[in-house]
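Below: the structure, in structure tokens.
Bear in mind these aren't lab numbers, they're just calculated from the coordinates by the rules spelled out. Treat the numbers as computed from the prediction; the structure is a model and nothing was measured. Cβ atoms come from the backbone with ideal geometry, glycine included; neighbour counts cover every protein chain shown.
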């Protein structure tokens, strides 16, 4: 989980991310990784997974609620989905292999 937290913090610091279900669905193309919290409805989760699969973007289920994902991004509000546009392929593969 440390590698994931580091990647989230780098994305937030550089501004290369989108947060929230609507934004992530709208701007999924060009993302390197999509994080989905436990709080997302099945309908939205399936929708983003289908969209990501068509674009070849990995989707990772974040082990925690939207409140925990918000805290990982240093935000005081809930974040249900996070689209990360930064990070190397090696970092992302390392995170996906740890799940």
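With the structure loaded, tell me whether residue 8 is in contact with a helix residue (DSSP H, G or I) (Cβ under 8 Å, 6 or more places away or on another chain) and over 17 Å from residue 87 (Cα atoms) or whether it fails that test.
On the way: in contact with a helix residue (DSSP H, G or I) (Cβ under 8 Å, 6 or more places away or on another chain): yes; over 17 Å from residue 87 (Cα atoms): no.
For residue 8, the condition - in contact with a helix residue (DSSP H, G or I) (Cβ under 8 Å, 6 or more places away or on another chain) and over 17 Å from residue 87 (Cα atoms) - is not met.
Residues checked against (1) in contact (Cβ under 8 Å) with a residue 40 or more places away in the chain; (2) out of contact with any helix residue (DSSP H, G or I) (no Cβ under 7 Å at 6 or more places or on another chain); (3) crowded, with 17+ Cβ neighbours inside 10 Å; (4) over 16 Å from residue 18 (Cβ atoms):
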position: 36; (1), (2), (3), (4): yes, no, yes, no
position: 50; (1), (2), (3), (4): no, yes, no, yes
position: 60; (1), (2), (3), (4): yes, no, yes, no
position: 77; (1), (2), (3), (4): no, no, no, no
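Only one of (1) over 11 Å from the mean Cα position of the chain (by Cα); (2) at positive phi; (3) touching a residue at least 60 places away in the same chain (Cβ under 8 Å) fails for residue 56. Which number is that?
Looking at each condition in turn, residue 56 falls short on (3).
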